[in-house]
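Following: one structure in structure tokens, then a few remarks.
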Amino acid sequence: MEIGMKRSLSLVKNSIRFAAILATLTISACSEGNNPSGMAAEPPHPAVQMNSPAIRQPEPAVDTPAVSPRPQQAETPATWGASPVPVPAVAAPEPIEIGLEECGTAQFGKDERTTHLPLRCIRATYGFDGPEGSQAVAPGQPIQVDTYVIPSAFRSSLAAYWMNLGVNGRGVLLLAPKDWSLFAAGVGANGSHNIRLVNPDDEEQYVDYFDQGGCQGCLVPNIGGYFPELKEWVEEQGYEVSPRPEIAERAMLTPNLVAFRKQSEKRGYSVHGVAYQEHGGGGARFRDEEVGLPSADKAMATAILNLFVALHREQPE
């Protein structure tokens, strides 16, 4: 009886011990499931409230353009030793060289007083898209000036020189010795143009032609210098007269034409010229021609300049 009670008591103790071990294992398993590393779990982070005010970065004082992301380029395998693709060079336009070309003849006078002179065409430079093709140098129509007769003493020594102005077939016609060279010739974007022909053996002998085109601030003061009687008109336009102290003599041919002689810097030479002006209607024009020759050749200078006079008396432009 006593042995039986002891055995029953032993079984109860073992049952209690087993239950305690089982409870301990269960608690341990739950803890390991929540923290596999076996380390103590950190307290959770506080929740972020979405309605909290955002912190704005200060805007830069200077606006800078947005930089778009560069598009990704497909990677290509590197080719070792490949030569770069040559880029064709763009050739610079060749400068236009001035020069003279033989263009037939020009007719002066009429009937029994007709004279044909060699026509030498001027190849000029242009400050705009100038004439192109075969008409860039030669005139489109034969040149014939009925109102001017070449003096017989110079019919064998003079030639006609013509320069295309590049607008509506208009050009400049001059006289000069037939064996002279072209020193300068150009037409500006504002319509101004100049020609200088020289004796190839003596550049002190020359024919100069200059038209100031549409530059009113240039030509109006010049009108006052060559035509002193228009001084008041020049000042009314808001300009000052450009003085011409080199003019030693002046003779009015018409209200629009004046002949003059300038002092020459070279002894034994003379500079004779003729100037033309027109004004009114909100605009003005001025052009002149000068001839530098030995003083003994005044008659030739007169013959050259008289073509300028005849053309401007006949049809001013």
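The values are calculated or read from the model by the stated rules, or taken from the named source; none is laboratory data. Keep in mind that what you see is a predicted model, and the values were worked out from it rather than measured. Cβ placement follows ideal geometry from the backbone for every residue including glycine, while neighbour counts extend to all protein chains displayed.
With E240, E246 as the choices, which residue is more than 21 Å from A259 (Cα to Cα) and either among the acidic types (D, E) or in contact (Cβ under 8 Å) with a residue 60 or more places away in the chain (or both)? Full working, then the answer.
On the way: E246 fails: more than 21 Å from A259 (Cα to Cα).
It is E240.
Do the conditions hold for V258, that is, is it at pLDDT 95 or above and over 27 Å from the mean Cα position of the chain (by Cα)? Break it down stepwise before answering.
Working: at pLDDT 95 or above: yes; over 27 Å from the mean Cα position of the chain (by Cα): yes.
Here the answer is yes, as V258 does meet what is asked.
Scan the range 299-307 and tell me whether some residue there is at pLDDT 95 or above, assigned to a strand (DSSP E or B), closer than 28 Å to S157 by Cα and not basic (K, R). Steps first, answer last, please.
Quick first cut of the range 299-307, residues at pLDDT 95 or above only: 299-307.
With assigned to a strand (DSSP E or B) added as a condition, the list becomes none.
Scanning the range 299-307, I find no residue that is at pLDDT 95 or above, assigned to a strand (DSSP E or B), closer than 28 Å to S157 by Cα and not basic (K, R), so the answer is no.
Mind checking whether some residue in the range 178-186 is aromatic (F, W, Y) and within 29 Å of P294 (Cα to Cα)? For the range 178-186, residues aromatic (F, W, Y) and within 29 Å of P294 (Cα to Cα): present.
Against the condition assigned to a strand (DSSP E or B) and either touching a helix residue (DSSP H, G or I) at 6+ places or on another chain (Cβ under 7 Å) or not assigned by TED's automatic domain parsing to the domain that holds P118 (or both), how does A176 come out, does it pass? Spelling it out, A176 is indeed assigned to a strand (DSSP E or B) and either touching a helix residue (DSSP H, G or I) at 6+ places or on another chain (Cβ under 7 Å) or not assigned by TED's automatic domain parsing to the domain that holds P118 (or both). Apart from one condition, L197 fits all of (1) among the aliphatic types (A, V, I, L, M); (2) part of a strand (DSSP E or B); (3) modelled with pLDDT under 95; the exception is (3). Residues that are surrounded by fewer than 16 Cβ atoms within 10 Å (Cβ to Cβ) and hydrophobic (A, V, I, L, M, F, W, C) were ranked within the range 261-305; the one that is nearest to the chain's Cα centre (by Cα) is A299. The set of residues in the range 253-275 that are free of Cβ contacts under 8 Å to residues at least 60 places away in the same chain and farther than 14 Å from D288 by Cα comprises T254, P255, Q263, S264, E265, R267, G268, S270.
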